[in-house]
Amino acid sequence: MTDVAIIGLGCAAYTAAVYTARYKLDTLVIGEEEGGMGMTAVEVGNWPGDIDVTGPDLMERYKNHALSFDNVTHKVGRVEKVEQTDDGFRLTMQSGDTEEARTIIFATGSNKRHLDVPGEKEFSGKGVTYCATCDAFFYRGKDVAVIGGGDSAVEGAAIAAQVANKVYLVHRRNEFRAEPYWVDKVNEKENVEFVLERNLVEVLGDGKVTAIKLDKEWNGSDEIKVDGVFIEVGSIPAVDLPKQLGCEMDERGHLKVDDAMKTNITGVFAAGDVTSASNHFAQFATAAGEGSVAANTVFAYLQAGEGHGGAMG
Ligand SMILES: Cc1cc2nc3c(=O)[nH]c(=O)nc-3n(C[C@H](O)[C@H](O)[C@H](O)COP(=O)(O)OP(=O)(O)OC[C@H]3O[C@@H](n4cnc5c(N)ncnc54)[C@H](O)[C@@H]3O)c2cc1C
């Protein structure tokens, strides 16, 4: 049985692993996608100490740092089930393999939100995708629409504009929530058109995407011809596993933690985008900060020799 199983292979998980390793805890860091959401950040300009770094570079360095310790075991795979045992927790993988741990840190991040409009599912992978920064390069010289008004949408539009012929940035409001840095970047692009105060109501196509349909006319039509649609309308915390243990969520559906990154279940901790912490500010810096706090709390908890099971007092 390992001291701590950290579920996730993103920024929060690898940071927590660096700390638990240095606390001399036997650490299992286990997750489905190596690097997590960080892999989609094309340009990271706000990771202190690195003026200019890409998400994949940063994630590779996090991983190498975590794996530089002998007491860290790294496994790639989806965890399907988590349950309490007499002396800790059992994880069951999609493969059927099981792992046992005295404590858990959930660092499962979030999943992209879908719009659930007609045509979205039908053309998913045939022109509809959920990561503009990952997939824009497949649309060189083509016309695409990015749906959304937050950081991912506006950054995605700026990146897509570097290769696409035309980018329609469709947003339901008349101003963007995104970081002003990215709004300035997108404003500089001559091939980006703002389609504001409009909602996507349908994705049209014939085997693959051919157009989007809006709720209101824009430039004389409620349809815009495009080859690709990037839906960037936020994300939903990945809380299926903590729910299996009876963990509480906050009003926004994030895994509820206290200042020490403890959940309401004894022996269960969390860090990163999945949590209610850091005012829901989902960033590398906050995920890393929360990962370090969670690891520190796990260390204190194991040192104190607290029992397992039941709700936190
Ligand atoms: C396009 C884009 C650009 C961004 N740019 C910036 C930026 O410039 N600066 C910045 O600070 N932040 C940026 N962010 C935000 C930043 O990427 C995230 O805040 C950060 O990566 C969150 O890390 P995390 O470890 O909490 O979660 P994630 O990186 O999402 O990692 C979650 C991990 O959990 C795993 N997982 C989930 N469920 C399971 C399961 N059941 N079994 C096994 N594994 C599971 C996933 O596979 C993944 O490995 C950007 C985000 C996007 C989308």
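Take segment 128-231 with all the other protein chains still there, run a 1.4 Å probe, and you get 48 Å² of accessible area per residue. For Ile105, the residues whose amide H sits under 5 Å from its own are Ala5, Ile6, Ile7, Phe269, ignoring neighbours fewer than 5 places away on the same chain, with H placed 1.01 Å from N. What's the center-to-center distance, using Cα atoms, between segment 250-285 and segment 125-192 in Å? Comparing the Cα centres of segment 250-285 and segment 125-192, I get a distance of 30 Å. Count Lys and Arg as plus one, Asp and Glu as minus one, and take only other residues whose Cβ is under 9 Å from that of Val163; the net charge is then +2. Each of Thr108, Ala304, Val201 was placed along the dipole of the chain (beta-carbon charges, centred on the mean Cα), and the one lying farthest toward the positive end is Val201.
With a 1.4 Å probe and every protein chain left in place, work out the accessible area per residue of segment 1-112 in Å², rounded to a whole number.
On the way: 5250 Å² over 112 residues.
Accessible area per residue, segment 1-112: 47 Å².
Over the chain, dividing the summed -39,500 (n - 2.57) contributions of all DSSP H runs of at least 4 residues by the number of residues returns a 222 nm mean residue ellipticity of -7000 deg cm²/dmol. Relative to the longest principal Cα axis of the chain, at what angle does helix 284-304 sit, 0 to 90 degrees, rounded to 10? Taking Cα atoms only, the helix is inclined about 20 degrees.
Give me the Kirkwood hydrodynamic radius of segment 1-146, using the inverse of the mean 1/r over all pairs of distinct Cα atoms, in Å to one decimal. Working shown, then result.
Values: mean 1/r = 0.0581 Å⁻¹.
Answer for segment 1-146: a Kirkwood hydrodynamic radius of 17.2 Å.
Close amide H partners of Val201, meaning residues 5 or more places away or on another chain with modelled amide H under 5 Å apart, are Lys213, Leu214, Asp215.
Note on segment 67-107: percent of Cα-Cα distances in each 10 Å bin, starting at 0 and stopping at the bin with the largest distance, equals 26, 53, 21, 0. Using a 4.7 Å Cβ-Cβ cutoff, the cysteines of the chain lacking any partner cysteine are Cys11, Cys247. In terms of its Cα atoms, segment 128-231 spans 36, 28, 22 Å along the principal axes, sorted from long to short. With a cut-off of 8 Å between alpha carbons and a minimum separation of six or more residues, what is the relative contact order of segment 128-231 in percent? Computed over segment 128-231, the figure is 31 percent.
With θ taken as phi - 60° and the Karplus curve 6.51 cos²θ - 1.76 cosθ + 1.60 applied, the whole-hertz 3J(HN,Hα) list for segment 14-28 is 5, 5, 4, 5, 4, 6, 5, 4, 6, 7, 6, 8, 5, 10, 10 Hz, x standing for glycine and proline. Rg and Dmax, both from the Cα atoms of the chain and both in Å, are 21.1, 69. If you run the Gaussian network model on the chain, springs between alpha carbon atoms under 10 Å, then out of Gln283, Gln244, Gln303 the most flexible one is Gln303.
The string of couplings for segment 95-101 from the Karplus curve (6.51, -1.76, 1.60, θ = phi - 60°) is 6, x, 5, 10, 9, 10, 8 Hz, one whole number per residue in order, with x for Gly and Pro. Taking 7 Å steps out from each Cα toward its Cβ at Arg90 and Glu251 produces label points 3.9 nm apart. Here the 3J(HN,Hα) profile of segment 202-213, calculated from phi with Karplus coefficients 6.51, -1.76 and 1.60 at θ = phi - 60°, is 7, 9, 9, x, 8, x, 8, 4, 10, 6, 10, 10 Hz, Gly and Pro shown as x. The portion of the accessible surface of segment 128-231 made up by carbon and sulfur, rounded to a whole percent, is 40 (1.4 Å probe; DNA, RNA and ligands excluded).
Spin-label model, Glu122 to Asn191: label points 7 Å out along the Cα-to-beta-carbon direction sit 2.9 nm apart. In the calculated pair-distance distribution of segment 166-313, the portion above 27 angstrom amounts to 47 percent of the Cα-Cα pairs.
The values are calculated or read from the model by the stated rules, or taken from the named source; none is laboratory data. In this text the structure is predicted, and so the values were computed from the model without any measurement. We place every Cβ from the backbone using ideal geometry, glycine too, and count neighbours over all the protein chains shown. The protein model used for the area step is the full one, side chains on, heavy atoms only, and it has no ligands, DNA or RNA in it. Shrake-Rupley method; radii C 1.70, N 1.55, O 1.52, S 1.80 Å.
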